[in-house]
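Please read the structure below before turning to the comments.
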Amino acid sequence: MSSEQTTIRATVWQTPTPDGLEVLDDVLIRVVDGEIASIVPAADDPAADDADIELGADEVLVPGFIDLHLHAPQWPQLGTGYDLQLSEWLFEYTFPLEARYEDVEFAQAMWDSMVPTLLANGTTSAVYYGSIHTPATTALAQACIEHGQRAWVGRVAMDHPEGTPGWYRDDSPQIALAATRESIEQIQRLDDPLSLVNPIITPRFIPACTDELLASLGDLAEESGLLVQTHCSEDDWEHHHVIERTGVRDATALDRFGLMRQSTVLAHGGHLNVDDLALIRERGAGVAHCPLSNIYFGNAVFPAKMALDAGVHVGLGTDVAGGPSASILANAAQAIHSARMLEEGVDPELASIDRGRAGSRIDAITGFWLATVGGALVLDQPLGLIEVGRRFDAVSVSLAEIAPSDRGYAAERRFEQLVRLAGQREITGVWVEGQQVVTAST
Ligand code: GUN
Ligand code: ZN
């Protein structure tokens, strides 16, 4: 088979470490079969003048964004229902919507709206919850292949007679396990020439699953080696519900069920303590920090800095539709805002010394690192950086409106503007596995 090659001439901005911005000025990137084969200064390579793609003077290339946590069937309710508490939101609002995905045609229409929109926002990798419906979940994986998005796609397992409504649940743990196996097989059988999609084992969260189901999905993870995703210590209600039911905290309970594994994606984690973080680190699992969702449903700010300092892998999630944005960059900006508010505190009646948690802030570089390298570390994938040996998943961003070079700011300041201000309008191109999947319309 002949190999496929592309060359891109660009200035790269990226964050190899949580506190380091790297600028690769005017380089030629050679991509072979989706992998970055070489990066050299354009001035050193005569081929630079004939690059297949050349970015404009006020454009930069950045690594693709990784959305570690979102609920695909909740796409139509994005931005709504945030007056409710999490448990009410799920039962009154979200489960009725998810139940509609029994209708595969409805599902396909949603996937064909959602996947291109996420790509246009720079989400080159997404870790999806589907619904309990196997056909709709397979159709989601198929849509990711067709639109060219890298994805982990999970059929949701949820069988608890009290934690789920009778009209939206798996009828028994055995049925949930069999449907999970069937969903995995269907996704693995799809024609996926670029190997973009992977199944992922998806117990919704402890309140929605019986002990038997949780243990059997833990066994399945061990047997199959597939990744696991679930929610962990998201809000007060869920966190205390798990303690009352199991006698231990969420992270420990998941561990006892065999679900806290290498690269298990734990969504939210706003109520994790130091012991939980130590356990997560020991197991090699990671946290999908969903800062916009946490504002409405978390009852707390996830201490991202504390988790990073504890050596835990942390990336970002939009939690569509728990958070009101499909943009990982918007969540990176919110992660920075939330961390600052955690540090300063929010109650003006308190003395400033008592108001917040010292040492909690993160800056724009760390926020961007979470959106890229952080997600790659959680998933243990060669993504997150434009570096030889990694897959070429990248986003070109026009700074012409938000941070043009003629304003005379240093790259660090312009980078802050990119992180805080860039959105879909500024994204001029998106590549996944070396293939261009979004081209600016203007
Ligand atoms: N916990 C269990 N299910 C969900 C969900 O759909 N969204 C959020 N935010 N939390 C959950
Ligand atoms: Zn979620």
| request: Test PHE368 against the criterion of being within 22 Å of ALA251 (Cβ to Cβ), aromatic (Phe, Trp, Tyr) and crowded, with 22+ Cβ neighbours inside 10 Å, and give yes or no. | output: no
| field | Complete set of residues in region 16-31 that are in contact with a Gly (Cβ under 9 Å, 6 or more places away or on another chain) and open to solvent by less than 40 Å² (accessible area, probe 1.4 Å) | value | VAL31
| field | Search result, residues across region 307-341 that are touching a Ser or Thr at 6+ places or on another chain (Cβ under 7 Å) and outside any loop (DSSP other than H, G, I, E, B) | value | ILE328, ASN331, ALA339
| strands (runs of 3 or more DSSP E) within region 1-87 that include 2 or more residues within 16 Å of ligand 1 (Cβ to nearest atom) and in contact (Cβ under 8 Å) with a residue 12 or more places away in the chain | 65-71
| task | For region 210-222, state whether one or more residues are in a loop (DSSP other than H, G, I, E, B), more than 21 Å from SER263 (Cα to Cα) and in contact with a Cys (Cβ under 9 Å, 6 or more places away or on another chain). | result | no
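For region 54-81, which positions are closer than 19 Å to GLN436 by Cβ and buried (at least 18 other Cβ atoms within 10 Å of the Cβ)? First the steps, then the outcome.
Keep residues of region 54-81 that are closer than 19 Å to GLN436 by Cβ, which gives 54-56, 59-66.
The answer is LEU55, GLU59, VAL60, LEU61, VAL62, PRO63, GLY64, PHE65, ILE66.
Looking at region 230-303, what helices (runs of 4 or more DSSP H) fall wholly within it and have at least 1 residues that are away from ligand 2 (no atom under 16 Å from the Cβ)?
On the way: elements: 236-246, 250-256, 274-283, 291-297.
The qualifying helices (runs of 4 or more DSSP H) are 236-246, 250-256, 274-283.
Would you mind stating whether ASP112 is in contact with a Ser or Thr (Cβ under 7 Å, 6 or more places away or on another chain) and of a type in the set (D, E, K, R)?
Working: in contact with a Ser or Thr (Cβ under 7 Å, 6 or more places away or on another chain): no; of a type in the set (D, E, K, R): yes.
So ASP112 does not fit the description; no.
Would you confirm, using the coordinates I've provided, whether ALA330 is closer than 24 Å to GLN262 by Cβ, of a type in the set (A, V, I, L, M) and open to solvent by 30 Å² or more (accessible area, probe 1.4 Å)? Lay out the reasoning, then the answer.
Working: closer than 24 Å to GLN262 by Cβ: no; of a type in the set (A, V, I, L, M): yes; open to solvent by 30 Å² or more (accessible area, probe 1.4 Å): yes.
The answer is no for ALA330.
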| request: Could you please give the count of residues in region 206-229 that are open to solvent by less than 10 Å² (accessible area, probe 1.4 Å), within 16 Å of ligand 2 (Cβ to nearest atom) and within 21 Å of the chain's Cα centre (by Cα)? | output: 3
| query | Taking into account only those residues within region 355-375 that are touching an Asp or Glu at 6+ places or on another chain (Cβ under 7 Å) and in contact (Cβ under 8 Å) with a residue 60 or more places away in the chain, which is nearest to GLY56 (Cα to Cα)? | reply | ILE365
| Residues being open to solvent by less than 30 Å² (accessible area, probe 1.4 Å), over 29 Å from GLY225 (Cα atoms) and either within 16 Å of ligand 1 (Cβ to nearest atom) or of a type in the set (Phe, Trp, Tyr) (or both) - total across region 273-315 | 6
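Among VAL388, VAL378, VAL397, which is the only one that is open to solvent by less than 10 Å² (accessible area, probe 1.4 Å), farther than 18 Å from ARG150 by Cβ and in contact (Cβ under 8 Å) with a residue 12 or more places away in the chain?
VAL397
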| Test for ILE66: is it aliphatic (A, V, I, L, M) and within 23 Å of ASN294 (Cα to Cα) | yes
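Out of region 215-229, which residues are touching a residue at least 40 places away in the same chain (Cβ under 8 Å) and more than 13 Å from ILE184 (Cβ to Cβ)? Walk me through it before giving the result.
So in region 215-229, the residues touching a residue at least 40 places away in the same chain (Cβ under 8 Å) come out as 215-218, 220-221, 224, 226-227, 229.
Within region 215-229, ALA215, SER216, GLY218, GLN229 meet the criteria.
The values are calculated or read from the model by the stated rules, or taken from the named source; none is laboratory data. This one's a predicted model, so the numbers in the text were calculated from it and none came from an experiment. All Cβ positions, glycine included, derive from the backbone under ideal geometry; neighbour counts span all protein chains shown. For the accessible areas, the whole protein counts, side chains as well, though only heavy atoms, and no ligand, DNA or RNA atoms are used. Shrake-Rupley method; radii C 1.70, N 1.55, O 1.52, S 1.80 Å.
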